[in-house]
Amino acid sequence: MKTKNLTTLLQIATPSVETIIQPDWAAKHGITLTVKRDDLLHPVISGNKWRKLKYALLAAIEANTKHIISFGGGFSNHLHALGFCCQQLNIQFTAIIRGDYSQNPSPMLQDLLNWNANIQYVDRKTYQQRAEPDYLKMLQQQYPSALLIPEGGSQLEALQGVAEIVEELSHSYDYVLAPVASGGTLAGLITGISKYLEPIDCKILGIAVLKGEGYLEQLVTDLLVKHDHSKSWQINHDYHFGGYAKSNDNLAEFCRDFFQQTGIKIEPVYSGKLFFALRELINKGYFPQKSRILALHTGGLQGAR
Ligand SMILES: *Cc1c(COP(=O)(O)O)cnc(C)c1O
């Protein structure tokens with residue numbers, strides 16, 4: 001199948017919109033703030049998850065794959081996106097879930113069930129093995145014809161799909177910001193900027209949404225094909241609010257205020273932390289006057305239901 005046929009079949013709205021926003025906290029510092037609206041790519045498939053899955057799905061269709069297995073938490077945007085794509089493409093989907101939600105399935109899990117996914121709840125200890133070669137080998141023996149996709153869809157095949165975000169840009173930016181959890185999105189942006197822009201002029205700043213200083217940098221580095229991009233990117237670890245999916249009143253209030261000022265919905269797990277960090281860094285004078293900043297809205301609103 002051709003790329004274009006798949007995006008047409010799934011009704012993915014690429015290229016995504018690039019729009020300037022003017023919240024009061026950006027204007028007064030002479031910053032031009034643009035949002036790349038990957039949250040608008042599709043009503044169901046969460047923005048960056050489509051970017052990461054695109055080429056994996058194309059390869060799966062090419063190989064006539066009938067069954068895909070992947071991993072995630074009970075609110076996972078990745079499993080939600082992949083489960084929907086599999087249902088649309090007539091591929092059986094098995095979701096391996098961290099923790100037992102069988103008595104109280106989240107809206108995400110209810111959607112997966114409606115899409116006829118097979119759900120397997122595993123305990124934390126089993127889930128910890130999700131990337132261990134022995135565990136994956138065991139799963140592959142159990143399901144010899146299945147394609148295994150890692151947590152978050154962050155794998156080598158994800159990079160080109162994410163890099164296309166950069167290919168779509170109308171011009172270059174001084175800074176590109178995105179939230180970081182499993183690292184695939186940041187690695188793809190780094191790849192895209194070295195491929196389609198001048199990396200020296202465009203700095204990439206990841207905002208960690210979980211506690212993972214050193215660990216997140218390692219995830220990103222491991223994904224990069226070439227390991228020589230190191231100067232063009234870094235990850236800020238000051239705005240994870242205590243860990244993955246941790247939040248507080250301040251962040252919740254910021255998300256509401258951001259929506260009021262811009263008309264763009266954000267949620268506290270990913271995009272809320274990204275824009276909160278952006279506001280704080282602007283206020284601290286982190287970015288020089290007149291900086292042109294691009295923030296990637298990665299989607300994820302289903303997780304906030
Ligand atoms: C998964 C996700 C991220 C994190 O992307 P990684 O590639 O895992 O770092 C950011 N935003 C949203 C909305 C997501 O669903």
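The values are calculated or read from the model by the stated rules, or taken from the named source; none is laboratory data. Note that the coordinates shown come from a computational prediction; the quantities given were computed from them, not determined experimentally. When we count neighbours, we look across all protein chains shown, and the Cβ atoms used for this are built from the backbone with ideal geometry, even at glycine.
Does Asn48 meet the test of being assigned to a helix (DSSP H, G or I), of a type in the set (S, T, N, Q) and at pLDDT below 95? Full working, then the answer.
Working: assigned to a helix (DSSP H, G or I): yes; of a type in the set (S, T, N, Q): yes; at pLDDT below 95: no.
In short, no.
Which of the residues spanning the stretch 278-304 are within 13 Å of the ligand (Cβ to nearest atom) and touching a residue at least 60 places away in the same chain (Cβ under 8 Å)?
From the stretch 278-304, those within 13 Å of the ligand (Cβ to nearest atom) are 295-304; that's our starting set.
Answer for the stretch 278-304, where residues must be within 13 Å of the ligand (Cβ to nearest atom) and touching a residue at least 60 places away in the same chain (Cβ under 8 Å): Ala295, Leu296, His297, Thr298, Gly299, Gly300, Leu301, Gln302, Gly303.
Anything in the stretch 13-59 that is β-branched (Val, Ile, Thr) and more than 16 Å from the ligand (Cβ to nearest atom)? List them, or say none. Working first, answer last.
First pass over the stretch 13-59, keeping only residues β-branched (Val, Ile, Thr): 14, 17, 19-21, 31-32, 34-35, 44-45.
Within the stretch 13-59, Thr14, Val17, Thr19, Ile20, Ile21, Ile31, Thr32, Thr34 meet the criteria.
Looking only at residues in the stretch 215-224 that are closer than 22 Å to Phe275 by Cα and free of Cβ contacts under 8 Å to residues at least 40 places away in the same chain, which one is farthest from the ligand (Cβ to nearest atom)? Give the steps one after another, and end with the answer.
As a first pass, look at the stretch 215-224 and keep what is closer than 22 Å to Phe275 by Cα: 216-217, 220.
Keeping just the survivors that are free of Cβ contacts under 8 Å to residues at least 40 places away in the same chain gives 216-217.
Details: Leu216: 8, Glu217: 12 Å.
Within the stretch 215-224, the match that is farthest from the ligand (Cβ to nearest atom) is Glu217.
Do any helices (runs of 4 or more DSSP H) entirely within the stretch 104-152 hold 2 or more residues that are assigned by TED's automatic domain parsing to the domain that holds Gly73 and within 16 Å of the ligand (Cβ to nearest atom), and if so, which? Write out each step before concluding.
Working: elements: 107-114, 124-127, 133-142.
The qualifying helices (runs of 4 or more DSSP H) are 107-114.
For the stretch 46-61, which residues satisfy the criterion of being touching a helix residue (DSSP H, G or I) at 6+ places or on another chain (Cβ under 9 Å) and of a type in the set (A, V, I, L, M)? Before you say what the answer is, go through the steps one by one.
Looking only at the stretch 46-61, we keep the residues that are touching a helix residue (DSSP H, G or I) at 6+ places or on another chain (Cβ under 9 Å), and these are 46-58, 60-61.
Within the stretch 46-61, Leu53, Ala56, Leu57, Leu58, Ala60, Ile61 qualify.
Going by the structure shown, is Ile235 within 24 Å of Leu156 (Cα to Cα), within 16 Å of the ligand (Cβ to nearest atom), in contact with a helix residue (DSSP H, G or I) (Cβ under 7 Å, 6 or more places away or on another chain) and modelled with pLDDT of 95 or more? Outline the logic, then answer.
Working: within 24 Å of Leu156 (Cα to Cα): yes; within 16 Å of the ligand (Cβ to nearest atom): yes; in contact with a helix residue (DSSP H, G or I) (Cβ under 7 Å, 6 or more places away or on another chain): yes; modelled with pLDDT of 95 or more: yes.
Yes: the conditions hold for Ile235.
Between a first residue in the stretch 1-28 that is outside the structural domain of Ile264 (by TED's automatic domain parsing) and closer than 23 Å to Thr298 by Cβ and a second residue that is of a type in the set (S, T, N, Q) and surrounded by 12 or more Cβ atoms within 10 Å (Cβ to Cβ), which pairs have beta carbons less than 8 Å apart while being 6 or more apart in sequence or on different chains?
From the stretch 1-28, no pairs qualify.
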